Amino acid sequence: MDAVVIIDLCGTFAFAISGVMAAVERKFDLFGTIILAFATALGGGTLRDVLIGSTPVGWMESDVHIYLIFSTIPMAFLFFKMLTKLKRTFFIFDTLGIGLFTVLGMEKAISLGLSPLVSVMMGVVTAVFGGIIRDVLSSRVPIIFEKEIYAFACLSGALTYLGFKTIHVNEEFNLFFSVAVVITIRLLAIKYKWSIPFNPLVSKRD
Amino acid sequence: MDAVVIIDLCGTFAFAISGVMAAVERKFDLFGTIILAFATALGGGTLRDVLIGSTPVGWMESDVHIYLIFSTIPMAFLFFKMLTKLKRTFFIFDTLGIGLFTVLGMEKAISLGLSPLVSVMMGVVTAVFGGIIRDVLSSRVPIIFEKEIYAFACLSGALTYLGFKTIHVNEEFNLFFSVAVVITIRLLAIKYKWSIPFNPLVSKRD
Amino acid sequence: MDAVVIIDLCGTFAFAISGVMAAVERKFDLFGTIILAFATALGGGTLRDVLIGSTPVGWMESDVHIYLIFSTIPMAFLFFKMLTKLKRTFFIFDTLGIGLFTVLGMEKAISLGLSPLVSVMMGVVTAVFGGIIRDVLSSRVPIIFEKEIYAFACLSGALTYLGFKTIHVNEEFNLFFSVAVVITIRLLAIKYKWSIPFNPLVSKRD
């Protein structure tokens with residue numbers, strides 16, 4: 001499935017760039033930048049593989065992901081200003097990435113015979129834990145816990161994929177449609193400034 | 001062993017509530033609250049399973065733990081005030097939970113042929129790492145590193161269990177007695193305000 | 001290979017001491033100190049084993065590492081002042097440790113049939129993640145991300161080892177030479193105050 005590989009690599013690339021830019025903001029040295037790029041790009045899939053027992057973890061099968069992630073360092077060095085301006089473009093890549101990571105993560109869990117519910121969770125883990133690990137390594141509260149809508153975007157995509165799979169919709173259509181659901185929800189959320197639901201408990205406390 | 005299953009679920013439930021309440025205190029959004037509930041309730045057992053190579057990790061075998069943890073979210077929303085008042089009751093659940101998690105963690109390690117010493121460590125890991133992961137995800141120093149007695153409570157329970165097992169005491173008696181040791185030590189610690197031993201090194205430095 | 005075992009234990013010991021001293025600085029209690037000693041000493045190798053699927057993780061095979069790490073607690077209590085003065089000596093142990101951990105980590109990955117590039121990464125992970133986990137558990141930004149040269153020292157050692165292995169240099173010579181590369185670079189870095197390269201991106205932003 002060539003399209004999947006290409007979008008997987010785009011997602012990895014976009015997440016790596018997001019790691020590099022976070023490292024710059026935190027003034028890490030070159031080594032810290034490299035670690036953060038890898039952790040952001042590979043962290044979600046790695047955690048999924050470790051939890052479901054699919055080891056050595058997936059990205060070790062070939063060196064492609066490693067070269068791709070390393071390439072973001074000089075690239076970010078050369079094109080830093082442009083990248084900052086292109087934030088919107090990367091946001092698209094990043095959104096594409098989480099869409100596909102969600103679906104890929106689910107597929108891998110389903111193929112190992114795990115339950116649909118566990119598989120949805122593994123899809124979400126694949127998509128969001130790269131960013132969580134990035135923030136934990138930076139000694140910050142994960143941004144996704146405080147003001148990101150995209151957990152719900154990828155949850156919706158995961159449920160869509162699961163529903164269509166259950167009724168045997170064509171696999172490739174299902175894949176692209178589910179990724180599109182993630183992207184659409186995230187884009188709409190930005191455009192219409194949907195804020196994440198505040199924790200319903202917080203108001204109770206005040 | 002029905003009693004074990006029931007208390008396991010009680011422990012999971014109590015830990016999940018503890019995660020939800022921590023998330024509220026930190027003003028996380030709904031997604032952050034869900035993640036924190038899962039990490040607190042399942043983190044210790046998950047780390048144990050990953051370290052000993054028992055994957056897919058235990059809670060993936062059925063969906064019961066997942067439903068149970070999700071159920072704490074609306075429950076906490078509806079009964080937040082009551083929960084705050086019932087802190088003492090939850091403290092009992094939580095203590096029950098760590099007692100049983102300690103013993104279950106040891107059993108699993110022993111059954112895989114690991115050494116008694118390693119098994120004691122895996123028991124303690126099962127009981128305490130849920131809370132440690134909760135605190136790391138919240139970008140806080142784990143509370144257990146600074147002012148919790150319960151690491152020693154569960155260590156005592158683990159050693160009791162190991163000792164009785166070595167001399168072939170009846171399994172069920174051993175299980176309940178060891179859990180009781182954990183609970184008793186923790187309750188006594190609260191009642192008589194046993195403070196945790198300060199790090200003996202600290203005074204040396206000053 | 002007796003020399004390897006001895007230096008492995010020296011490295012474990014030195015890392016455990018580094019964990020204990022970090023815990024003292026952060027005023028953790030005794031339990032927090034023990035956890036930090038274990039996490040620092042075993043964290044890197046544990047993460048490597050989990051990622052490559054070599055579980056139960058290596059240190060569970062015997063109790064030697066556990067006893068050794070526990071022994072650092074009373075030792076640090078008794079000799080704390082001396083340890084502080086001997087920082088330079090420990091620095092040597094620590095450097096020896098990362099040198100050997102790098103090479104051991106690579107070897108283990110290679111022996112599982114992973115690619116040379118992945119193996120180099122696993123060598124670096126083995127050497128540096130103990131310290132990263134120590135800092136994350138202390139809710140600090142990993143020191144290695146901000147001002148440590150030794151990531152590059154162990155990367156150089158890993159590449160040396162890989163290069164010599166490729167041209168079939170004698171295994172033991174290669175081992176010692178590669179460890180020596182790590183140590184030499186680190187010592188030179190200290191002596192001549194090589195600072196870590198600042199993140200090349202940082203200046204771009206300002």
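The numbers here are math on the coordinates, done by the rules we state, and not lab data. Quantities reported herein were computed from a predicted structural model and do not represent experimental measurements. We place every Cβ from the backbone using ideal geometry, glycine too, and count neighbours over all the protein chains shown.
Between A:Leu9 and C:Phe79, the FRET efficiency from the beta-carbon distance, with R0 = 45 Å, is close to 0.25. On the basis of the beta-carbon distance and an R0 of 25 Å, B:Tyr192 and B:Leu117 show a calculated FRET efficiency of 0.25.
Couplings 3J(HN,Hα) of the stretch C:168-173, computed from phi: 6, 5, 3, 4, 5, 4 Hz, in residue order, whole Hz [Karplus 6.51 cos²θ - 1.76 cosθ + 1.60, θ = phi - 60°; x for Gly and Pro].
With neighbour counts taken as other beta-carbon atoms within 10 Å, the residues C:Asp49, B:Asp135 rank, fewest first, as B:Asp135, C:Asp49.
Plainly put, the stretch C:132-182 has a radius of gyration that is 1.19 times its Kirkwood radius, both from alpha-carbon atoms, as the Rg/Rh ratio. At full extension, A:Glu25 and A:Leu68 could sit 13.3 nm farther apart than now, given 0.36 nm per residue minus the alpha carbon distance. On the beta carbon distance between B:Leu159 and C:His168, with R0 = 56 Å, the FRET formula returns roughly 0.65. Filter the cross-link list A:Lys191/B:Lys27; B:Lys191/C:Lys27; A:Lys27/C:Lys191; B:Lys165/C:Lys108 down to pairs whose alpha-carbon distance in this structure exceeds 28 Å. The pairs that break the limit, which is 28 Å between Cα atoms, are B:Lys165/C:Lys108. Taking every Cα-Cα distance in the stretch B:2-192 and sorting them into 10 Å bins starting at zero, the pair-distance distribution P(r) comes out as 10, 38, 37, 13, 2, 0 percent. Ordering C:Ile110, C:Ile144, C:Thr166 by the projection of their Cα atoms onto the charge dipole of the stretch C:2-199, which places +1 on the Cβ of Lys and Arg and -1 on the Cβ of Asp and Glu, puts C:Ile144 at the extreme positive end.
Only counting other Cβ atoms within 10 Å, I'd like B:Thr33, B:Thr184 sorted with the fewest neighbours first. Write out the running numbers ahead of the final one.
On the way: B:Thr33 27, B:Thr184 15.
Listing B:Thr33, B:Thr184 from fewest to most nearby Cβ atoms yields B:Thr184, B:Thr33.
Each label point was placed 7 Å from the Cα along the Cα-to-Cβ direction; for C:Phe177 and A:Arg140 their separation is 4.4 nm. When each of A:Lys191, B:Lys165 is scored by the number of other beta-carbon atoms lying within 10 Å, the sequence from fewest to most is A:Lys191, B:Lys165.
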